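What follows draws every value from the coordinates through simple rules; no lab data is involved. Quick caveat, the model's predicted, so the values are computed rather than measured. Quick reminder, even Gly has a Cβ in these numbers, built from the backbone with ideal geometry, and neighbours come from all protein chains shown.
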Amino acid sequence: MARAPHTLAMSSAAPIIVLFTDFGLEGPYTGQMKAVLRREAPASDIIDLFADAPAGDAKAGAYLLAAYAAWFPAGAIFLCVVDPGVGGARAPLIVEADGRRYVGPDNGLFEIVLRRAASARVKAIVWRPEQLSASFHGRDLFAPAAAALAQGTPLATRHHAALRHADWPDDLAEIVYIDHYGNALTGLRAKALPATARLSAGKARRIARAETFSAVPPGTAFWYENSNGLAEIAVNRGRASDALALAVGAPVAIER
Amino acid sequence: MARAPHTLAMSSAAPIIVLFTDFGLEGPYTGQMKAVLRREAPASDIIDLFADAPAGDAKAGAYLLAAYAAWFPAGAIFLCVVDPGVGGARAPLIVEADGRRYVGPDNGLFEIVLRRAASARVKAIVWRPEQLSASFHGRDLFAPAAAALAQGTPLATRHHAALRHADWPDDLAEIVYIDHYGNALTGLRAKALPATARLSAGKARRIARAETFSAVPPGTAFWYENSNGLAEIAVNRGRASDALALAVGAPVAIER
Amino acid sequence: MARAPHTLAMSSAAPIIVLFTDFGLEGPYTGQMKAVLRREAPASDIIDLFADAPAGDAKAGAYLLAAYAAWFPAGAIFLCVVDPGVGGARAPLIVEADGRRYVGPDNGLFEIVLRRAASARVKAIVWRPEQLSASFHGRDLFAPAAAALAQGTPLATRHHAALRHADWPDDLAEIVYIDHYGNALTGLRAKALPATARLSAGKARRIARAETFSAVPPGTAFWYENSNGLAEIAVNRGRASDALALAVGAPVAIER
């Protein structure tokens, strides 16, 4: 049962389909998308990774997705719907990067996955359903496309050059997600920072790195490498987001 | 893979069981209900449609349910628990309407499904579990009944005339749901409104229809036909519920 | 289909794995843990019982877990992650109590399950994954251990005496959970209280027991035996937590 800790090993079963959306937990969106997946790719397990990626924020999502997708094995299919431009002109994409496949809109959401990939291919989905709602391509277009990949069903595509965002940094010095505990995830890979780096964000001033929560006294702010490799700001036994006034988009200053 | 966009096509597998409740995402309620379903109807897929239907509000729920159930194929079984009268005298129902089946309390939740059905049958569930909690019929009564339908297991029922709500309109000019993005769903089918209709609700004054979010400038309020056919009030790149002070139950004025 | 109401009967299938965590509904934690379970114990159903146990609060969790686990059949495996001491010295445990198995940290979370068990065995998990993140043992250690139990795969363990909390009462006179409806669950088993007991908590003063919501007028506060046997404070058609200013940890006074 031994396995590497920061990646999930491959399995011989049908590809898993991993959901990465800003739909929220509430409401009918994820359920309708899963109804399509269950019908069209019944052998695939569906994993809810993020249903609460920052709403409409493809840039923050791009750094989150790259960090969390890397934990999954080659073969995994990511159904990624952060799509504020739905109904407009943005292309629907299939991205293949380092053996993982991604389905979603051409709005920058895959920028960091592409940037870090040793090899990648991008295609636009030409296939359209008989009818297509104006506002829910996750259900009507992206989910059937992801199911087709999972099933090995042919799907009409064409070569496509994704819109690239060369001005986005390799590591983003901003808060990209606040979790249930109030911990603030940055868009910075911990390995891109020296262990002695100090971070400032919100009311946090020059906080130091610690290995784990219990290494600092209760109430103390620190940063650490989270279980998916991102630098994360936390307070032992407290809520960093409240105590330090942190929110998605807040800039992070790095003192190396 | 071509399919109509606003309905899910049939499959030959065991019937899917679709959950429509006001349990919330939190807590142990949905999990316990699913434990019953998994044990008693193991071949059926379970789809979480709404876990956050307006709490205790059978009327708002009736319009939501009718709009969202119509997307699912004939054969689907809806386990519907918005049940503020649990433990009182209301009957537990099985409704068959246009080939879909519904299980839940006789409190108006199925009024609009029945109203719009070309053909319908209503039965009361006579079967009772050996013991029945006073407050969680979703787990103890409705879930086993839905599983029996899915499995084709006999279940004791009797003919029953559902309580009808003739005073409820065919389309409800109220907000019935606020989604994760702050969009406000009305109980009005878009096709019941002229394309030139203007809607007023909360601070929204005479807003016009648009086809899609990107058709209006950021910050602009509009209404559109959502992916399940309801008229929905939104703000491009904004939260309509906050910007326009909209909440479930708020009346909607229509200028035709 | 008859079955006892307050327990789920056994099935011959692979053991179910029941999740009891404080991860919250949001974010990537439950999803990553399920990805491990799906890969390593593909035949087991996974049931989300609580994802929102009080954050970092092993004591409140202990009373919740004992009440809700008792509903599940012998053979069920509970993957329990309320683990504020992750990365510190606390041992990872497997607890077998009355035929159910529990995996989680040695921090008191299993105290009440152990206290109430007719028979119990506790072991520490010696097995470690090749690499282990400092902050997410739910994914890296506890989930693979639970999957090994489900699959019958050998797992290195040793005898271990759990840290016991003899000062914790058999029934806890505090609010341990606020549910989606605003109902306040206490750590008191209803059967440990006389039917004539009156409870005071927050602004609730000497409230009486009722059998069910509809037995009291709208707006009235009462307590009742919930569907898992706990005394619960509620307001008919209202939110007790708001109306009575109740929160997790609030003391409950009992007048017998």
(message) What distance in nm lies between label points placed 7 Å from Cα along the C-beta direction at A:ARG237 and C:ASP98?
(response) 3.2
(request) Among the lysines, select those whose C-alpha is under 18 Å from the C-alpha of A:LYS34, and discard any that sit fewer than 8 residues away in the same chain. (result) B:LYS34, C:LYS34
(request) For A:THR220, go 7 angstrom from Cα along the Cα-to-Cβ vector, then report the distances to that same point in the other copies in nm, smallest first. (result) 5.5, 5.5
(request) Let me know the Rg and Dmax you get for region A:1-129 when you use only its Cα atoms, in Å. (result) 14.3, 47
(message) Among A:170-177, B:150-157, C:228-235, B:178-185, how do they line up by average Cβ neighbours within 10 Å per residue, starting with the highest?
(response) C:228-235, B:178-185, A:170-177, B:150-157
(request) Would you grab the residues whose amide H sits under 5 Å from the one on B:ARG100? Only those 5+ places off in sequence or on another chain, please, with H modelled 1.01 Å from N. (result) B:GLY75
(request) May I have the pair-distance distribution P(r) for chain A, computed from all Cα-Cα distances with 5 Å bins from 0 and rounded to whole percent? (result) 1, 6, 13, 17, 18, 15, 12, 9, 6, 3, 1, 0
(request) State, to one decimal in nm and shortest first, how far the label point of B:ALA118 sits from each corresponding label point in the other identical copies (label point: 7 angstrom along Cα-to-Cβ). (result) 5.8, 5.8
(request) Straight distance only, please: which lysines reach the Cα of C:LYS203 with their own Cα at less than 25 Å, same-chain residues fewer than 8 apart left out? (result) C:LYS59, C:LYS191
(message) Could you give each residue of region B:155-161 its phi-based ³J(HN,Hα) in whole Hz, using Karplus coefficients 6.51, -1.76, 1.60 with θ = phi - 60°, and x for Gly or Pro?
(response) 9, 6, 9, 9, 4, 7, 8
(request) Between the label point of A:ASP170 and that of the same position in each other copy, find the distances and list them shortest first in nm, with every label point placed 7 Å from Cα along the Cα-to-C-beta direction. (result) 6.4, 6.4
(message) Given points 7 Å out from each Cα along the Cα-Cβ axis, report the C:GLU255 to A:LYS191 separation in nanometres with one decimal.
(response) 6.5
(request) Select the chain A residue whose beta carbon lies nearest to the rotation axis carrying chain A onto chain C, and write the distance in whole Å. (result) A:LEU25, 3
(message) Between B:ARG116 and B:THR220, what is 0.36 nm times their sequence separation minus the Cα-Cα distance? Round to one decimal in nm.
(response) 34.1 nm
(request) For region A:65-79, just list the computed ³J(HN,Hα) in residue order, Karplus coefficients 6.51, -1.76 and 1.60, θ = phi - 60°, integers in Hz, with x standing in for Gly and Pro. (result) 4, 4, 5, 8, 5, 5, 6, 8, x, 3, x, 5, 10, 9, 9
(request) Would you compute, from DSSP H runs of 4+ residues alone, the mean residue ellipticity of chain A at 222 nm, taking -39500 (n - 2.57) per run and dividing by the full residue count, rounded to the nearest 500? (result) -4500 deg cm²/dmol
(request) Could you work out how far apart the two model spin labels at B:ALA156 and A:ARG205 are, taking each label as a point 7 Å from the Cα in the direction of the beta carbon, and quote it in nm? (result) 7.4
(request) Any aspartates and glutamates with Cα under 16 Å of the A:LYS123 Cα? List them, leaving off those in the same chain fewer than 8 positions away. (result) A:GLU96, A:ASP98, A:ASP106, A:GLU111
